[in-house]
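Working notes for the structure below.
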């Protein structure tokens, strides 16, 4: 069969006129067979088309700018590519006739970058009046025509601008004639580059020639060279002229018309020129302008473009046929490029329009009608043998299911459905073996599962329920029947053949030409360790129940099997130290025989998939692991994984459990795609860190356009800072690592100074959003690594200034500071006053406490003498009126003492409730009626009402009596004759809690609103006029409130002057104590509580019959007697004073010599004095 080089996958762009530096092609020459024959080479490219956003499938010009962006010229527009997205630019102009801005497509064929990063664009148009030379501003991303007659609406340049060059202080444009514009003039800032001075060089050539010069090149010495018709022009700065160097050499046959196309610098300082003559290159020495011919053997087309590295050149042309070729500079031989993208072969590239090698080492090829191709040398380190329809020397179709190498160096490849293949790598031939129905001397089936080669050169393979054996030397087959489907074959170090099948384990006995069967689980993988044991992978598809055991070790000598509780094993490999590495459906396991321990590696450790299908160890001790989701290299010492995917050059991400390592250290892995092979030492990491650039900005999810009124006055890739309003604090910044080997795997770290504490690893995410940022100054920073983990040392930064709102500017802050200072001073003064008030309150509290303590001590001391006085007064015989006065006043004083002590006890928290349960309404009625006779004596109507039949509750009779008595005495005290007092008891409910509402209302003088808040204060007395009839001690109501609160109730007062007063007591109704009959209760109380209420009232209300009266007492009016006026409102005191003044012993026996006058109060006293 014919030689066929191996297929690879990748992508490459189209080109026409350059030669690329390509170091990766040196290892490509070392591929097996290339040293013997190099008529074609298979390379894998990545194809990029309109599906990925390419604006047009034909790319006519390629440029990578200093920042790292790839710029493309297409027949429709200028395009920018960052490895992820395309951005297209058309020419926008104002149409005065339509009074609107329109867009015009431009046919870009040349791109050049200026020193200020702006771009200069050369175009071709069908109509010569249209502009063909443009300036593209990177800041505004707008195109502006140059050398255009705006008045006549026509272009000064009437031909397509094929080349542009910036050098020697000029912009050079090749448009059939040579045009030159001073960079100084371009930098003067003329509006729209109008009225630019320029110079056109007149070239003396035949007028029928469309192109006189082809390209522009500046060498290292700053000399400008212009290859073109029949030779090379040199610009002479001394006279500003062009000097011609002819390429018609005496010993070189040249056609009547020919051109030199492009110039390429060589390592020796010379220039290599491409020509119109088939396969001819010219070495040009710029020092003496000498030319030396060089032939590209086997290349039958003109060479328009080439790019060199060491001893290899890429050749291309942009018209006719010829496409893309590779030239070996040592042999002069040219190889065709078989271009593959992914797992498919592309049609041959016939017209190369553009060619570029970027900073990362990728080669971009633009071809007519596309697609745009990208070639990555590192992705071509993986080689592929696969099935290619209608192609000789191809692998048979079907997944690869077995692989072995015999002693002759042939590779035997088993497939499912394609039989067996024998691959001769030296001759690049593949021989296929297929089943022949009815012929026993051949394969029984094309579905081969498992294959191995023994030392005697025989090939063993599984064919259904048979083990087949093929002897290549004799060309004969043997077939050995098994009771189940054969899955795997393995030859151990003793050259013994082992067979794993869905029944047990078999070993071939050469002496008897038969198999010995061992009891074992259904086996799908076999490997031998250095201790004489076989490791067996259990197949869950077998008919046996092996419980949780998925891996076994079979001791060959002892014929003993040892199970391990591991998931299903797919492959085994023994590493340094006797460690056994096990590929399973649940990760990678390492078994340490000495410690008998397992260690698992899974997704969290970096493994790309938990399903591991095959393992091989390279010469450096690293493991190569084939999984269901990529190929991984594992360094056991560092415990680090490096994963490879289809985007890294693999034909697919899913592998089969078939692998092999040959004597040279090459590794082979199989899959449905065919056979992948490579040498681990050739897999190198790209150490070139990526360039970084900001690519866009969003506000509230919408892209920010460039404009003076917006945050960006220039494109964000050139911006150093962005200023935002306070409300523009929800933004997203986009960025890109401009490394094109595998952009999808470039990684990023970001940090927002003044917000983030540390750098954040965001993986492959290319944008960062922030919301609700406070006004202030921030700096957004980005770092990036290429797909192989090479990080750049420096980050890119963008200052972000969020302006504060108008109410937070400097003058606002000053105003706020003044206001704050004033407020702080006010608060300070308030706190000072509050502290003073608190200190005063504490002083008054202490004084009140002292007063209470003093009263308590005094009253406590009063109790004993009063008790003695009362007792002794009762024993006095006679003087009934005086004795009754003594007992009455001492009893009043003792009652006052008891109230004071009660208050003190409550305040100390020592008073307890003596609760009983019963109907409280009769009790309240009884207490009220006990005041009835006294009320009648005061000509006051006293009534008790209740709308409830009963109110059974827990209450303290003594405390309730004290409260009601105080309220009644207070009402009697302030109610004049013919007034009315009502006591009303109701049962109410609030928030599901019943309570007793007791209301005592009168028609007395009332209380002023400003005095209501104080009536429950201790010792507070309401001023009621000049009489003391309504005065008291100020203790009764205070004691009532304390008692009500002790019973967990409330008391409040309502009153208006002249309208009487109302006191409302609310007591919660509970039933927690034992029932006590109400009648028995009242019978047990002291009758004094009910029979003689006057005793409790005299401290506050003096009964009318005891009050002192004005006038004389039982004395006739006698003008001869001296008159004494007595003013006193208490009758007892008045009686005592009278007895003293009328006593015979008063005044030396002259007591009866006085006329006594009496007045009840001061006003009456004045009246009496004036009358007498």
> From 963, 1000, which residue is closer than 26 Å to residue 916 by Cβ and assigned to a strand (DSSP E or B)?
Replying inline: 1000
> How many residues does region 153-185 contain that are touching a helix residue (DSSP H, G or I) at 6+ places or on another chain (Cβ under 7 Å) and at pLDDT below 90?
Replying inline: 1
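Every residue, every condition in (1) without any contact (Cβ under 8 Å) to a residue 60 or more places away in the chain; (2) outside the structural domain of residue 700 (by TED's automatic domain parsing); (3) over 19 Å from residue 724 (Cβ atoms), yes or no:
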{"site": "773", "(1), (2), (3)": "yes, no, no"}
{"site": "778", "(1), (2), (3)": "yes, no, no"}
{"site": "784", "(1), (2), (3)": "no, no, yes"}
{"site": "791", "(1), (2), (3)": "no, no, yes"}
{"site": "794", "(1), (2), (3)": "yes, no, yes"}
{"site": "798", "(1), (2), (3)": "no, no, no"}
{"site": "808", "(1), (2), (3)": "no, yes, no"}
{"site": "813", "(1), (2), (3)": "yes, yes, yes"}
{"site": "818", "(1), (2), (3)": "yes, yes, yes"}
>> Here's a check for you: in region 340-357, which residue that is crowded, with 22+ Cβ neighbours inside 10 Å and at pLDDT 75 or above is farthest from residue 110 (Cα to Cα)?
In response: 352
> Do you know which residues across region 921-949 are in contact with a helix residue (DSSP H, G or I) (Cβ under 7 Å, 6 or more places away or on another chain), at pLDDT 90 or above and under 14 Å from residue 996 (Cα atoms)?
Replying inline: 922, 923, 924, 946
>> Give me the residue from region 116-136 that is out of contact with any strand residue (DSSP E or B) (no Cβ under 7 Å at 6 or more places or on another chain) and closer than 16 Å to residue 183 by Cα and, out of that set, surrounded by the fewest Cβ atoms within 10 Å (Cβ to Cβ).
In response: 116
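Restricting attention to region 230-259, which residues are in a strand (DSSP E or B) and modelled with pLDDT of 85 or more? Let's see the steps before the verdict.
Pass one, region 230-259, residues in a strand (DSSP E or B): 231-236, 241-246, 259.
The answer is 231, 232, 233, 234, 235, 236, 241, 242, 243, 244, 245, 246.
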> Which one of these does residue 909 not meet: (1) loosely packed, with under 15 Cβ neighbours inside 10 Å; (2) at pLDDT below 75; (3) at negative phi?
Replying inline: (3)
> Of all residues in region 612-628, how many are crowded, with 17+ Cβ neighbours inside 10 Å and free of Cβ contacts under 8 Å to residues at least 40 places away in the same chain?
Replying inline: 1
> Can residue 457 be described as surrounded by fewer than 19 Cβ atoms within 10 Å (Cβ to Cβ), out of contact with any strand residue (DSSP E or B) (no Cβ under 9 Å at 6 or more places or on another chain), at positive phi and assigned by TED's automatic domain parsing to the domain that holds residue 614?
Replying inline: no
> If you scan region 392-433, which residues turn out to be surrounded by 15 or more Cβ atoms within 10 Å (Cβ to Cβ), outside any strand (DSSP E or B) and more than 55 Å from the chain's Cα centre (by Cα)?
Replying inline: 406, 410, 427
>> Is it the case, given these coordinates, that residue 647 is surrounded by 15 or more Cβ atoms within 10 Å (Cβ to Cβ), under 30 Å from residue 414 (Cβ atoms) and touching a strand residue (DSSP E or B) at 6+ places or on another chain (Cβ under 6 Å)?
In response: no
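Name every residue in region 800-821 that is within 30 Å of residue 768 (Cβ to Cβ) and exposed (fewer than 10 other Cβ atoms within 10 Å of the Cβ), in order of residue number.
If we filter region 800-821 for residues that are within 30 Å of residue 768 (Cβ to Cβ), which is where we start, we get 800-809.
The answer is 806, and nothing else.
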>> Would you confirm whether or not region 811-834 contains a residue that is at pLDDT 90 or above and part of a strand (DSSP E or B)?
In response: no
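Do you know which of the residues in region 1133-1153 that are in a helix (DSSP H, G or I) and at pLDDT below 70 is surrounded by the most Cβ atoms within 10 Å (Cβ to Cβ)?
Residue satisfying both the conditions and the ranking: 1151.
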>> Exactly one of these conditions fails for residue 1007: (1) at pLDDT below 90; (2) in contact with a helix residue (DSSP H, G or I) (Cβ under 6 Å, 6 or more places away or on another chain). Give me its number.
In response: (2)
>> Name the single residue that is nearest to residue 1121 (Cα to Cα) among those in region 1156-1172 being at pLDDT 80 or above and in contact with a strand residue (DSSP E or B) (Cβ under 7 Å, 6 or more places away or on another chain).
In response: 1156
>> All but one of (1) part of a loop (DSSP other than H, G, I, E, B); (2) at pLDDT below 95; (3) surrounded by fewer than 22 Cβ atoms within 10 Å (Cβ to Cβ) hold for residue 681; state the number of the condition that does not hold.
In response: (1)
>> For the list (1) at pLDDT 85 or above; (2) outside any helix (DSSP H, G or I), I need the number of the one condition that residue 1044 fails.
In response: (2)
> Counting only residues that are surrounded by fewer than 24 Cβ atoms within 10 Å (Cβ to Cβ) and within 49 Å of the chain's Cα centre (by Cα), which one in region 311-339 is modelled with the lowest pLDDT?
Replying inline: 338
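The values are calculated or read from the model by the stated rules, or taken from the named source; none is laboratory data. Quick caveat, the model's predicted, so the values are computed rather than measured. Reconstructed Cβ throughout: ideal geometry from the backbone, glycine too, with neighbour counts over all protein chains shown.
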